[in-house]
1. Rounded to the nearest 20 Debye, what is the dipole magnitude of segment 169-273 about its Cα centre when Lys and Arg each give +1 and Asp and Glu each give -1 at the C-beta?
2. Using +1 at the Cβ of each Lys and Arg and -1 at the Cβ of each Asp and Glu in the chain, identify which of 331, 302, 387 lies farthest towards the dipole's positive end.
3. Taking each pair of distinct Cα atoms in the chain once, what is the resulting Kirkwood hydrodynamic radius in Å?
4. Angle check, please: helix 382-403 long axis (alpha carbons) against the longest principal axis of the chain (alpha carbons), in degrees 0 to 90, nearest 10.
5. Among 178-188, 483-493, how do they line up by average Cβ neighbours within 10 Å per residue, starting with the highest?
6. Share of segment 322-362's accessible area from carbon and sulfur, percent, 1.4 Å?
7. Let me spell out the model: positive unit charges on the Cβ of Lys and Arg, negative unit charges on the Cβ of Asp and Glu, origin at the Cα centre of segment 78-183. What dipole size does that give, in debye rounded to 20?
8. Assuming R0 = 56 Å, can you tell me the calculated FRET efficiency for the pair residue 438 and residue 405, based on Cβ-Cβ distance, to the nearest 0.05?
Amino acid sequence: MERKYDFLVIGSGIAGLYFAQKVAALLPHRKVAVITKKKETESNTNYAQGGIASVMSTVDSFDLHVADTLRVGAGLCNKSVVKKIIQWGPKTIDNLVDIGVKFTKSGTGYDLGREGGHSTNRVVHALDLTGREIERALLHSCRRKKNVDIYRNTIALDLIAYDYRGRRRCGGVYTFSEKTRELAGFYAPVTMLATGGIGQVYYHTTNPTIATGDGIAMAFRAGARVGNLEFVQFHPTTLYSPGRRPFLISEAVRGEGAFLMNASGRKFMRKYHPQKDLAPRDIVARAIDTELKETGEEFVYLDISHRPASFIKRRFPNIYKECLRRGHDISKEPIPVVPAAHYVCGGVVADISGRTDIDGLYVCGESSFTGMHGANRLASNSLLEAVVMAEFAADVAAEYRESKKSSDIPKTDEWLHSSIHRLKEKIVVSHDRQMIRRLMSDFLGIVRSEDRLKLAHDRIKLALRAINQYYLSRPASYAIIELRNIAQVAELVVRSAKRRKESRGLHYILNYPETDDKRFKHNTIIKPPGYKSNRSGHGRRR
Ligand code: FAD
Ligand code: SIN
């Protein structure tokens, strides 16, 4: 089956939906398709709790927010990207409010939460369900637009990328619907990748099951560079709840006075950082890891029970209810928590407007790498980055679309079936998925070593080769499509980590415990096989 659009948006989280509704409004005569692999709301965005960092108070300033972001980013942030995104913070909040997002108010302004690494309160939120509220409003806005079609339960499996007049170009995406078992080609001059993070590459993660790094893997296979994938952020506090769906305990809880303690009831963060429980995330996660190794316990405790129960229930209704459902009354007792893989600071190399190495291919949100987060993301900066990128990308992508004549867009039928026609039978792939995820959690966690990186790389390379063969000879299914992407992204994460022979931000390696500014104060960029830059003007080798 073939479908033609002007804009394809892969993913229905904050980045994809914001882009879709804006580009649909800019060009009402053009058609937009949003393709999403489960139901529309299933995304990392939907689970965001803390909120969106933005300078909103008179005691705050852009300079302060920039300084916090750069400090936490440990020397690798792109300062001009950071500045521009942060300066767009207040406008971003206004835009979201105009779309219909209802943030929590306090007096005449917004209630501003506090999170690790921030030197003041600046996190705009909707109680502790910020992501759900944003998804609701953006989906509503997209559904009201006549020129937006939403395809749910449809997974993108590969980009339709080709060489055209000496340049690499994207003409759309192949998709598969597990319900109808239908393979399709969606064709458009503009494809926006907004597929989110990679949490599911790890066994212990805060991310929902959709976060399998599909966009990063697809873009790499299509010929785009990826960057800084060694910087995987571990959130310090997920509820210890073995065998159950992961549940985050927002850093905003520590922002309201909660503190960490070990099994013997000792508060330990003062040992590790002057900002104690509100130190940057890498420091807090590593401190917990150290405590767990020293005590042999499986979790530490987080305690907010000294705050009035009425306040806790009002400020954190979702966290309170979910913990209670799992047997913990946070207003009365400390709760067990552990760190888990949460956010990837790297992704597909892009500029602030989402332009990638491939003409017609854009990327926004967690799948992208702009240099905003450096070696460690400041809490609540990612929703901000996603919206600002989508805002800018809609402008440049609309201009790109309008500059194309239909004769510029090559005929499509020659590519349809090129990568998907051989998918035939059925296979069970859960074993390999679990193996890779466990390997990543055990060997590429908070503290790394050269031996473990080498072992992980050898095993993942073998698995990737075998999985690529399965993929080409077996039937399409979500399981095999996601497994192929998980394996590809895991391999890229390990390869990036092996290159960085120093410790910086989220990458801590026992063999090189110091930061080495002389040799490693640069990003880790991985080029796909045969890569040649469009920017060189000579096209690329294939
Ligand atoms: P997502 O919201 O993850 O959306 C990705 C979309 O792509 C989904 O719809 C998915 O189904 C779809 N998709 C993926 N692959 C495919 C495919 N192959 N085909 C079709 N569709 C596909 N950040 C903050 O700034 N503040 C917070 O308070 C905060 N809290 C968080 C709490 C939790 C529990 C988690 C997990 C993350 C949190 N983050 C927070 C991070 C932030 O939520 C994410 O970085 C952000 O939501 C990513 O948005 P996105 O649009 O890039 O991706
Ligand atoms: C949280 O609420 O702790 C998550 C914030 C984030 O990941 O930015």
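1. The dipole of segment 169-273 has a size of about 360 debye.
2. Ranked along the dipole, the leading option is 387.
3. Values: mean 1/r = 0.0426 Å⁻¹.
Value: 23.5 Å, from the Cα pair sum.
4. Helix 382-403 and the main axis of the chain meet at about 20 degrees.
5. Numbers: 178-188: 17.0, 483-493: 26.1.
Those peptides, ordered most packed to least, come out 483-493, 178-188.
6. Details: 560 of 1130 Å².
Here carbon and sulfur together make up 50 percent of the probe-accessible area.
7. Charge dipole of segment 78-183: 420 debye, to the nearest 20.
8. Here the calculated transfer efficiency is 0.65.
The values are calculated or read from the model by the stated rules, or taken from the named source; none is laboratory data. All of these numbers come straight from a predicted model, not from anything done at the bench. Counting neighbours? That spans all protein chains shown, and the Cβs are built from the backbone with ideal geometry, glycine included. Heavy atoms of the whole protein, side chains included, go into the accessibility calculation; ligands, DNA and RNA do not. Shrake-Rupley method; radii C 1.70, N 1.55, O 1.52, S 1.80 Å.
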